[in-house]
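Enquirer: Structure below; questions to follow.
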Amino acid sequence: MARPQFDALAEDYDSARPSYPDGVYQALQETAGPLAGKLVLEGGAGTGIATRQLAARGARIVAVDIAERMLHKAREHSSEARFLLADVNATPLRDGCVDLACFAQSWHWFSGSDAPREIARVLRPGGFWAAWWNQEWADGEEWFDAYQSLLESACPGYDRRHRDARWADARIEQIGLFEFGSETEVPWTRTLSVREWLTYERSKSYVGRMSAADRDLLLSQIGDIATERFPDGLMSVRHCTRLRIARRHSGTP
């Protein structure tokens, strides 16, 4: 997606994307140490969901994104962070200045060859890379399987199997400058209205790329599935947040 496409999603993203469970930050600190005082590069910060949670735990944050409108939203919520309109594939940061590089719901957007080396460059030796994703994970529930099948049929490139985050490790490990740290899965349940769920669906990149007519049809079909399963309009959806961590060792990028 180009920058204007990301910016077009900013309002829906800001109002409907969930925060990340506390277990993610607990696991992160168990491996990388306390966040308080750490200089953290947050790549693909978007509207600042993780920015706020990292700042609440005492991290000093440089939040980077290519989408100006997204960053404006993030700044509205997190005035204490530093915001940088830039591409993480080539950041204007000096070598070895960052303690931790975080990617919340964003690592898949960066170059598989350029981004790992750029992160290795800006991280201090012994610093950490971490990436995590919130994923709906109610597999086996009839309504959810129907919803996933609908997305796969309507959205080119969408495949529920992509929710497995193990591919992220390969990108990091292939350059030989990181050692794998840990992986954590944090199950949780999100409660929200059908209306909120549809706003959440609109915030997804593969839905945003659709034509208006196709998008409206898809959202109507998703609404029908959700309403049939949750006739009172209040949804309870199982999720899983998957966290991957690797440690930067000494070496030249």
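The values are calculated or read from the model by the stated rules, or taken from the named source; none is laboratory data. Everything numeric in this text was worked out from a predicted model, so none of it was measured. Neighbour counts are summed over all protein chains in view; Cβ atoms, including those assigned to glycine, are modelled from backbone coordinates with ideal geometry. What goes into the accessible areas is simple: the full protein's heavy atoms, side chains included, and nothing from ligands, DNA or RNA. Shrake-Rupley method; radii C 1.70, N 1.55, O 1.52, S 1.80 Å.
Enquirer: Please work out the average accessible area per residue across the stretch 17-141, using the 1.4 Å probe convention, and give it in Å². Spell out each step's value before the answer.
Expert: Details: 4640 Å² over 125 residues.
For the stretch 17-141, the solvent-accessible area averages 37 Å² per residue.
Enquirer: Counting only helical runs of four or more DSSP H residues, what would the 222 nm mean residue ellipticity of the chain come to if each run contributes -39,500 (n - 2.57) and the total is spread over all its residues?
Expert: Details: 11 runs with 103 residues, N = 253.
Only helices count here, giving -11500 deg cm²/dmol.
Enquirer: Based on C-alpha coordinates, I'd like the Rg and Dmax of the stretch 161-253, in Å.
Expert: 18.9, 58
Enquirer: For the stretch 85-153, what Kirkwood radius comes out of the mean inverse Cα-Cα distance, in Å? It would help to have the intermediate numbers written out before the result.
Expert: Working: mean 1/r = 0.0697 Å⁻¹.
For the stretch 85-153, inverting the mean 1/r across all distinct Cα pairs yields 14.4 Å.
Enquirer: Do me a favour and compute the ellipsoid semi-axes for the stretch 47-130 from its Cα gyration tensor, root of five times each eigenvalue, largest one first, whole Å. Walk me through the numbers on the way to the answer.
Expert: Working: eigenvalues 81, 46, 25 Å².
Rounded to whole Å, the semi-axes are 20, 15, 11.
Enquirer: The stretch 1-41: percent of C-alpha pairs farther apart than 12 Å? Present the calculation step by step, with values, prior to reporting the outcome.
Expert: Values: 587 of 820 pairs.
So the portion of pairs separated by more than 12 Å is 72 percent.
Enquirer: Show me, bin by bin at 10 Å from 0, the whole-percent P(r) of the stretch 199-253 based on Cα pairs.
Expert: All Cα pairs considered, the percentages come to 17, 32, 24, 12, 11, 4.
Enquirer: Taking all protein chains in place and a 1.4 Å probe, what share, in percent, of the accessible surface of the stretch 31-98 do carbon and sulfur account for? Write down the numbers at each step before the final one.
Expert: Numbers: 1410 of 2850 Å².
Whole-percent figure for carbon plus sulfur exposure: 49.
Enquirer: Give me the distance between the Cα centres of the stretch 45-89 and the stretch 171-190, rounded to whole Å.
Expert: Comparing the Cα centres of the stretch 45-89 and the stretch 171-190, I get a distance of 22 Å.
Enquirer: Please report the Cα spread of the stretch 1-81 along all three principal axes, rounded to whole Å, starting with the longest.
Expert: 37, 21, 21
Enquirer: For the stretch 86-149, run through the trypsin sites (Lys or Arg not before Pro) and keep only the ones in DSSP coil with at most 13 other Cβ atoms within 10 Å of their Cβ.
Expert: Values: sites: R94, R117, R121; in loops: R94.
Sparse-neighbourhood loop trypsin sites (Lys or Arg not before Pro): R94.
Enquirer: I would also like to ask the following. So, in Å, what gap is there between the alpha-carbon centers of the stretch 144-170 and the stretch 203-232?
Expert: 16
Enquirer: Tell me the Kirkwood radius of the chain: reciprocal of the mean inverse pair distance over distinct alpha-carbon atoms, in Å.
Expert: Numbers: mean 1/r = 0.0531 Å⁻¹.
It works out to 18.8 Å.
Enquirer: Debye sum, Cα scatterers, the stretch 95-193, no solvent: what log₁₀ I/I(0) at q = 0.13, 0.21 1/Å?
Expert: Once normalised to I(0) and log-transformed, intensities are -0.59, -1.11.
Enquirer: Taking the 0 to 90 degree range and rounding to the nearest ten, how far is the long axis of helix 142-154 tilted relative to the main principal axis of the chain, both from C-alpha atoms?
Expert: Long axis of 142-154 versus the principal axis of the chain: about 80 degrees.
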